[in-house]
Amino acid sequence: MDSPLPSRRVNIEQLVDRRAKHWDHARETQAGLQAVRRTGLGPYVAISRAIGTHGRTISQLVADLLGWDYYEREIVEFIAKRAQVREHMVKSLGETQREEAMNWVRSMIDGHAVAETVYFRHLVAVITGIAAHGNAVILGRGAQFILPPSAGLRVRLYAPKPWRIETAMVRYNTTREEAEKLIRDSDRAQARFYKDRFHKDMLDPLGYDLMVNVSQMDVEGAARSIVCALRGKLGSEAL
């Protein structure tokens, strides 16, 4: 008898299934056609965060405030690793959107803006496909370096290291020494990911439209500042 799937994986599969139904519904109803942009990519919010900055909570709040879909790292990777789900996502796009998305993916790959591995090509295609559906908040996986800056808002969440350590101690119920190591290892891995995959410095402010010091406000304030910046950049009529 097969062993049961971990609850986290089951939850992700259920979330992706709901997203797929939403993609289909958006094509089949007039309301969906009005809600999803017919040309180009976006609108989107791409959020990059250092560990210990409440990234998931803030990203979900942003999605809730906007009424948009939220895609965290695990959901994006789940789609990227499953050909059937990737194909469904692409097929549910309108013809113009599909062509625009594929042209953008080709420009990223052909221009060597990203590292060329099979998995990473899939990852770029998935994030581009999510943006083509529009109205998406994407946490992590370098979405801010994949998508066209003009189509959305690119955000970096940060805080002083001592504050992040205290936050991680509470979040992961761990000791100070373990929290320090967790943050150190995560920062190194994240910097290496951006450097190897995008040839970018994750701390370069030119890679973002907005950098939010989350130690200076609560999570609701951080989320509202992101929504305000998005409206200021794209205009309320574009959302």
Pair list, Cβ under 8 Å, 6 or more apart: the stretch 141-152 residue more than 13 Å from I47 (Cα to Cα), other residue assigned to a helix (DSSP H, G or I) and aromatic (F, W, Y): P148/W104
Of all residues making up the stretch 219-239, the number that are modelled with pLDDT under 90 and assigned to a helix (DSSP H, G or I): 3
Residue satisfying all of: in the stretch 119-146; under 17 Å from F193 (Cβ atoms), assigned to a helix (DSSP H, G or I) and hydrophobic (A, V, I, L, M, F, W, C); modelled with the lowest pLDDT among these: F120
Pairs where the first residue, in the stretch 173-187, is under 18 Å from P160 (Cβ atoms) and the second is among the polar types (S, T, N, Q), C-beta under 9 Å, 6+ apart: A179/T167; L182/T174
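The values are calculated or read from the model by the stated rules, or taken from the named source; none is laboratory data. Being a predicted model, the structure only gives us computed values, none of them experimental. Heads up, the Cβs are rebuilt from the backbone with ideal geometry, glycines too, and the neighbour counts pull from every protein chain shown.
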